[in-house]
Amino acid sequence: MPHRGLTQAALCVVVPTFTYVIYGNHARADYDPKEWAARATSTAGAYRHNPAETVDAYGASTYNVHEDGSGIGYATHKRPLLTLKSGFMSITEPRREGKPPGSGMNASETLRQRRR
């Protein structure tokens, strides 16, 4: 430990790693496997996996909900965080006819339909 009152460095970098753990692996409602595969194939160095595909294996984000609709309250740094991988592609939701971005099914409804 440095002695109190003595400057050790001119700059302190604080990285919000807790936020990355909590919100990592967000399985988004606008995920489309075909669109994702096409983008991953056409983008050099793209990471081809998406949290919506692996929610059962690696867990979801606190943005998502359980199948019964209750919120996810726990996350751990001991799981792979796909959204932090080099080359991870963020999803940009396309506009739907007559509907603004963000409208439509929520992530939990989308995931439930895919599991059936």
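The values are calculated or read from the model by the stated rules, or taken from the named source; none is laboratory data. Just so it is clear, the structure is predicted and the values come from calculations on it, not from any experiment. All Cβ positions, even for glycine, are placed from backbone atoms using ideal geometry, and neighbour counts span all protein chains on display.
What the table below lists for this structure:
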{"read-out": "Sole residue being modelled with pLDDT of 80 or more, surrounded by 10 or more Cβ atoms within 10 Å (Cβ to Cβ) and not charged (D, E, K, R), chosen from Ala29, Ala38, Ala9", "value": "Ala38"}
{"read-out": "Filter result for Tyr47 (at pLDDT 80 or above, among the hydroxyl-bearing types (Ser, Thr, Tyr) and out of contact with any strand residue (DSSP E or B) (no Cβ under 7 Å at 6 or more places or on another chain))", "value": "no"}
{"read-out": "The stretch 1-49: number of residues that are part of a loop (DSSP other than H, G, I, E, B) and more than 21 Å from Leu81 (Cα to Cα)", "value": "13"}
{"read-out": "Neighbours by Cβ (under 8 Å, 6+ apart or cross-chain): first from the stretch 1-22, under 30 Å from Ile72 (Cα atoms) and in contact (Cβ under 8 Å) with a residue 60 or more places away in the chain; second assigned to a loop (DSSP other than H, G, I, E, B) and among the β-branched types (Val, Ile, Thr)", "value": "Val21/Thr76"}
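Per-residue answers, yes or no, for (1) touching a strand residue (DSSP E or B) at 6+ places or on another chain (Cβ under 9 Å); (2) of a type in the set (Phe, Trp, Tyr):
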| position | (1), (2) |
| --- | --- |
| Gly5 | no, no |
| Cys12 | no, no |
| Thr17 | no, no |
| Trp36 | no, yes |
| Ser42 | no, no |
| Glu53 | no, no |
| Ile72 | yes, no |
